Amino acid sequence: MPKRVHMIAGLLAPLCIATFFISTILTELFGSQAEVAQLKLLIVTPGLWIMVPLMAAAGGSGMFLARSRKGRLVDSKRKRMPFIAANGLFVLVPCAIVLSRWASAGAFDTTFYMVQAIELIAGATNLTLMGLNARDGLRMTGRLRSRSAPATPSH
Ligand code: HEM
């Protein structure tokens, strides 16, 4: 059960951040202010209500699965998790909430775009860290072959 929870949350959490990231860039570039405001509302509800539990489920189940495991891959994953959690809770969540409020009020000023830039940088950082965790996890379960691993003979 924890394995299944971890695999599902571990793949959906980065996918969720990637969706927010790409949709934000696309609407900022090509959408109207009303569309930006609509997307910001959706990122808060239901977006954050999906992303935060997924991150907690991935982290919690990962820590549980890693109790008795040692090694470079699991250590790297363990070290990345506090950065992922802090970045999510203290940067991404507050940014999403204030940006949504400002966009709904039509306040597209310099502060809005500065916070938007911070949110995109934090999003890209978390996407990278989660992506690395997913890659190392898939290597640990043998679903992804390490590039440095010797190739299996074909016959
Ligand atoms: C958001 C962060 C994380 C993501 C995106 C993530 C993603 C993944 C993925 C995709 C797998 C492969 C699952 C499978 O093939 O069945 C995996 C496996 C694994 N992850 Fe994570 N993981 C995260 C956090 C953690 C943390 C914090 C730990 C604790 C050190 C951890 C420990 C493990 C372990 C031990 C496995 C192997 C499980 C098994 O043997 O079935 N993960 N992870």
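The values are calculated or read from the model by the stated rules, or taken from the named source; none is laboratory data. What you are looking at is a predicted structure, and each value in this text was computed from that prediction instead of being measured. When we count neighbours, we look across all protein chains shown, and the Cβ atoms used for this are built from the backbone with ideal geometry, even at glycine. Ligands, DNA and RNA are stripped out before the accessible areas are found, and what is left, the full protein with its side chains, is counted by its heavy atoms. Shrake-Rupley method; radii C 1.70, N 1.55, O 1.52, S 1.80 Å.
Per-residue counts of other Cβ atoms within 10 Å, averaged by peptide: what ranking do you get for 32-41, 8-17, highest first?
Descending packing order for the listed peptides: 8-17, 32-41.
With axes computed from alpha carbons, what is the tilt in degrees of helix 33-42 against the longest principal axis of the chain, rounded to the nearest 10 within 0 to 90?
Its long axis makes an angle of about 40 degrees.
Restricting to lysine pairs 8 or more places apart or on different chains, what number in the chain have Cα atoms under 30 Å apart?
4
With just the Cα atoms defining each centre, how far is region 1-74 from region 98-119? Give it in Å.
A separation of 21 Å, based on Cα centres.
Sort F112, F90 from largest to smallest accessible area, using a 1.4 Å probe on the heavy atoms of the protein chains.
Solvent-accessible surface, decreasing: F90, F112.
Multiply the residue separation of R147 and L26 by 0.36 nm, subtract the distance between their alpha-carbon atoms, and state the gained length in nm to one decimal.
Here the answer is 40.2 nm.
Rounded, prolate or oblate for region 1-50? Axes are the square roots of the Cα gyration tensor eigenvalues, ordered a ≥ b ≥ c, and the cut-off for rounded is a/c under 1.5.
oblate
Where does the chain land on the Kirkwood hydrodynamic radius, alpha-carbon pairs, in angstrom?
16.8 Å
So if each residue of separation counts as 0.36 nm, and I subtract the Cα-Cα distance between Q38 and R69, what length gain in nm does that give?
Going from the current span to full extension adds 6.7 nm.
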